[in-house]
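Working notes, structure below.
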There are 4 protein chains.
Amino acid sequence: MSEFNIKHHGGRASRADRVEKAAKTRVVEIAGGKACGGRELLLIAGPCAVEDENQMESSAAFLGRLGVDALRGCIFKPRTSPYSYQGMGEEGIALLDRVKRQFEMPVVTEVMSREQIEAVDEVSDVLQIGSRNMQNFELLKQVGLLNKPVILKRGLSATIEEFLMAAEYILSGGNERVILCERGIRSFDQATRNVLDLGAVAVLKSMTDLPVMVDPSHALGKSEFVATMAGAAIAAGADGLLVECHPRPAQSVSDARQALSFEEMEDLINTVGPIAEAVGRSFRQGDFQNTVHHIAC
Amino acid sequence: MSEFNIKHHGGRASRADRVEKAAKTRVVEIAGGKACGGRELLLIAGPCAVEDENQMESSAAFLGRLGVDALRGCIFKPRTSPYSYQGMGEEGIALLDRVKRQFEMPVVTEVMSREQIEAVDEVSDVLQIGSRNMQNFELLKQVGLLNKPVILKRGLSATIEEFLMAAEYILSGGNERVILCERGIRSFDQATRNVLDLGAVAVLKSMTDLPVMVDPSHALGKSEFVATMAGAAIAAGADGLLVECHPRPAQSVSDARQALSFEEMEDLINTVGPIAEAVGRSFRQGDFQNTVHHIAC
Amino acid sequence: MSEFNIKHHGGRASRADRVEKAAKTRVVEIAGGKACGGRELLLIAGPCAVEDENQMESSAAFLGRLGVDALRGCIFKPRTSPYSYQGMGEEGIALLDRVKRQFEMPVVTEVMSREQIEAVDEVSDVLQIGSRNMQNFELLKQVGLLNKPVILKRGLSATIEEFLMAAEYILSGGNERVILCERGIRSFDQATRNVLDLGAVAVLKSMTDLPVMVDPSHALGKSEFVATMAGAAIAAGADGLLVECHPRPAQSVSDARQALSFEEMEDLINTVGPIAEAVGRSFRQGDFQNTVHHIAC
Amino acid sequence: MSEFNIKHHGGRASRADRVEKAAKTRVVEIAGGKACGGRELLLIAGPCAVEDENQMESSAAFLGRLGVDALRGCIFKPRTSPYSYQGMGEEGIALLDRVKRQFEMPVVTEVMSREQIEAVDEVSDVLQIGSRNMQNFELLKQVGLLNKPVILKRGLSATIEEFLMAAEYILSGGNERVILCERGIRSFDQATRNVLDLGAVAVLKSMTDLPVMVDPSHALGKSEFVATMAGAAIAAGADGLLVECHPRPAQSVSDARQALSFEEMEDLINTVGPIAEAVGRSFRQGDFQNTVHHIAC
């Protein structure tokens, strides 16, 4: 019986309980010994959308050797317009499954409805709830019934209180494996896609024991700033990074402007590594240090 | 074959088509000859949440005599915290149905998932999609398959472009009976609950032929400003109003601070009536003018 | 001895005193029997910047006959870039003075420093403090020492509390002739230049006895929405309007996109008039009703 | 003749020139060999307001030994309310001067008007323009005529473009010694005082050669988050820090909630030091490493 199982603590009291325990971040295990919330940072990277076999295989091959912990890729895409690309849909599931087994990498994908949860439950190691669904309370309740890690992204204009309350919807259902993700908030300035609110990372870490990741790709929206802000996120106390990376960013079907190339992904690790060390954290050891200069795709 | 049936216009072109036709607002029929988008304003009022029989009956009796066109009342409540009151749920359906038949008033209720749509489809004349679900694209696609009026509320920080694109999700599914609803946007000032963006009403009316309602209750969050802002909304070109009204506001289970009492609801009609006339609009004729001073509840 | 003279009420108490008196809006007299805060609305219109004699004369001639109460025109322009047009400067003073005398219209102009106050004090009937200077506390203290009406525009992201405190800087210096002006706040949406916060007008009217004007031109930033929103502002309780109008908007040296033509200015009065009447207000009687169809410039 | 002297490059062209040179940050010299923009970070700390001799002497003694480069302290305070403490005013000048000479530390103070500039010009090594005055264009023009370093703080809701244009007002007057300072922007969340926009630091560094400092104290508004965010700021590329520190924070006349104690200031340096090293930067060598454990005040 988990010490965080809300049903045994009872209703409103549970939140306060959790806050008291916040000094020590809870470790959320992903798969294959990888986790978020411990000394080791969790590094998730991959394309915005699953597009085809070649794209996913080359991404998994490269990112795996680089020491990336899990591969992201959406098969259901939440898009502002109904006329934009909506993702591969269920066709993508078999592809995700094949890549996951071949490269022994856990996979992370977004869900937007009960039907999608059922469809990807077998293959996906981590479910992502996107910003636009942070207050889709029915969806939160549904993932609250699972025993599977959930990355919950902060809503575009969600207060920290609302963000934590959205997490409570999942936790109060019994699923204690929640990872928060700051991904930029909406503001008045158009110089970056959103405003990355790293102060929120520090505040969240003081208010809850849930681990907190940062997605610098969606926050900045421009690839040239991603590595720098990934470093700043780790300095601010983030427990992991969620980064968009694509074999050929210019050909990405969505968010091309923000995806890193493989070379830029290496630069990111080179940038973030020393900062992680400076704050007493580290990446999991990949083949990176020895082989990175020989990798091509 | 409807002139707005997107499937016969084909994909991306359809939006431009609609904009060209925007000079004339489309009339969305509700029920019983009531509609939104014509010269007559649509007035929807009622409690935030359906609580009990007495509350709903006294509301329907009073509001019906006042000339209110439809009764609102949520049985599924989207709440920031999982520990707040979540609504009566399916128990409330029979109650809504009884009140609707007894008082011959169309009813409006919010849905947050496919299951809820199926549950209320028989009884509810209009479905409401709340702000937090404006970009719940799976939900939008589902109501897009119905032939039932949908009030789509603007997201807390949705741009006008995103708002229209959310409407496109419904329209492109074949459901042409969409009513937009401005309900205040999130801002830096805490003097009002949200900032009522009446400029958006004027902009929306210039960009689309969809009718536009305004919810001054959620926008302001304080009952003392609701009537004034309802008048301003009509002056800005709104095609209808969605107002929270409760027999005993102080005892409302949610949003008590913003609900109007019956007396304040009368004041609202007295305030808005002359402004409606000044802009060439009117309320549907109720028993209001002759009998209002004799109504008690 | 004025009943509002703060020095005789003493420090912090004075704000509370004023709030108590808020039921009755204070009437701020401008000149020539014109005022803001009474039953009659104050209508100020004119070009953004004073450009040349012909522009100002034709504006004064037309607007005066239309019943506009005062002529606006900046000779010192606050511009985002130092390389943009900065206004005519002191050369414009004599021009303003000539036009004011010839057409017997009070004039309103913006000041940004003590030097500018001294330069325009003789000619300007009303001083305007722009949004960017709402918290230029030294400037506020300086106009607080004058006995001259001041239109204080709300800062781009000023809370209502900060706005009232900025007014207190002027009031506490002894100058009781302050008119607040809502002109749109900064937000995330780029569909309009700013978001016109008419809820703030209602809130301000409940918190203070100072009259409140609205500038729909800067708020919306697009001429096609100005008349509609001017009507909404009056419905929301505004005591006056500040409107940009130019003989040839397309040739305006600044803010061309938002200035009304003379014809659009007539439309505005036709739009707002009936709404004013609906809320028990009126414009001062101009030659408008009889002669407007014969006016050319 | 400076290569950045705008008068020799001429008007509008100068901005583009500067952007081209942005690869290499310009070094702005402060005094006593201290500078901002080179490999060494500039560290400015001290109380929000100059209060008395004891406060300033103990601050200078402690911070100087800690390796802090310059002492901040306002004698003119911009306050939201006219009834709040407005600063020591001219009395404070002699005090600042005495402390500066005794402890051989450059001093930084805020100015809000021409009169204040004249009053502090002799004593202050660096002038600060606060957020509320970022678009006080007359003030910017005045400091543009000096040959003295200016720290220009970003306005509460200033876009990056507006921030750079405000800097241009100073630069185009001939004063090339401008340091930009990000200090948090206004947003919807009240969990922190403002939202620290570290993405803006990265963007600014890519757009201009001006050095960029960060003020984490005003951004977060809570002392417990200042050290962490100072580290994140350096990771994001900041060239220096501006930190509020007070011998007895709880007794500070203003902003008590955000001021660091001396002990917390040491922690900040211990936190930031390794991150600075990780990004190839360093603090100037103080007595810190050897003596810090023996310092008392």
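The values are calculated or read from the model by the stated rules, or taken from the named source; none is laboratory data. These numbers were taken from a predicted model, which means no experiment stands behind them. When we count neighbours, we look across all protein chains shown, and the Cβ atoms used for this are built from the backbone with ideal geometry, even at glycine. SASA here: full protein model, heavy atoms, side chains in, ligands and nucleic acids out. Shrake-Rupley method; radii C 1.70, N 1.55, O 1.52, S 1.80 Å.
Details
- Subset of the stretch A:193-203 (residues that are more than 7 Å from every other protein chain (Cβ to nearest Cβ) and not in a helix (DSSP H, G or I)): A:Arg193, A:Asn194
- Screening B:Phe137 on (1) in contact with a Lys or Arg (Cβ under 8 Å, 6 or more places away or on another chain); (2) crowded, with 23+ Cβ neighbours inside 10 Å; (3) under 22 Å from B:Thr25 (Cβ atoms) shows it passes everything except condition (3).
- Which numbered condition D:Gln258 fails, given (1) modelled with pLDDT of 95 or more; (2) within 14 Å of chain A (Cβ to nearest Cβ): (1)
- Here D:Leu71 meets the list (1) assigned to a strand (DSSP E or B); (2) surrounded by fewer than 17 Cβ atoms within 10 Å (Cβ to Cβ) almost entirely, failing just condition (2).
- Residue in the stretch C:39-54 that is nearest to the chain's Cα centre (by Cα), counting only those that are buried (at least 17 other Cβ atoms within 10 Å of the Cβ) and of a type outside the set (A, V, I, L, M, F, W, C): C:Gly46
- Taking residues in the stretch B:44-55 that are under 15 Å from B:Glu264 (Cα atoms), and partners anywhere that are among the hydroxyl-bearing types (Ser, Thr, Tyr) and in a loop (DSSP other than H, G, I, E, B), the pairs with Cβ atoms closer than 7 Å and at least 6 places apart or on different chains are B:Pro47/B:Ser252.
- Options B:Ser206, B:Ser261, B:Ser252, B:Ser223; residue that is hydroxyl-bearing (Ser, Thr, Tyr), over 22 Å from B:Gly67 (Cβ atoms) and open to solvent by 20 Å² or more (accessible area, probe 1.4 Å): B:Ser206
- Residue count for the stretch C:204-232 satisfying the condition of being part of a helix (DSSP H, G or I) and closer than 19 Å to C:Gly130 by Cβ: 7.
- If you go through the stretch A:152-170 and keep only what is outside any helix (DSSP H, G or I) and over 17 Å from the mean Cα position of the chain (by Cα), you end up with A:Ser157, A:Ala158, A:Thr159.
- Filter pass, D:Gly130 being at pLDDT 95 or above and open to solvent by less than 30 Å² (accessible area, probe 1.4 Å): yes
- Inside the stretch C:233-281, residues that are assigned to a loop (DSSP other than H, G, I, E, B) and aliphatic (A, V, I, L, M) make up a count of 5.
- Answer residue from the stretch B:144-158, given it is closer than 30 Å to D:Ser187 by Cα and more than 9 Å from chain A (Cβ to nearest Cβ) and is surrounded by the most Cβ atoms within 10 Å (Cβ to Cβ) among those: B:Ile151
- So A:Val99, is it crowded, with 23+ Cβ neighbours inside 10 Å and within 14 Å of chain B (Cβ to nearest Cβ): no
- Tabulated pairs, the stretch D:168-192, first within 14 Å of chain A (Cβ to nearest Cβ) and within 23 Å of C:Phe188 (Cα to Cα), second among the aromatic types (Phe, Trp, Tyr) and surrounded by fewer than 24 Cβ atoms within 10 Å (Cβ to Cβ), C-beta under 7 angstrom, 6+ apart or interchain: D:Arg186/B:Phe188; D:Ser187/B:Phe188; D:Phe188/B:Phe188
- Residues (within 18 Å of A:His218 (Cβ to Cβ) and of a type in the set (Ser, Thr, Tyr)) located in the stretch A:158-202: A:Ser187, A:Thr192
- With respect to (1) among the charged types (D, E, K, R); (2) away from chain C (no Cβ under 14 Å); (3) closer than 29 Å to D:Glu266 by Cα, the lone exception for D:Asp121 is condition (3).
- Looking only at residues of the stretch A:184-200 that are crowded, with 24+ Cβ neighbours inside 10 Å and in contact with a helix residue (DSSP H, G or I) (Cβ under 7 Å, 6 or more places away or on another chain), we find that the one that is farthest from A:Leu127 (Cα to Cα) is A:Gly199.
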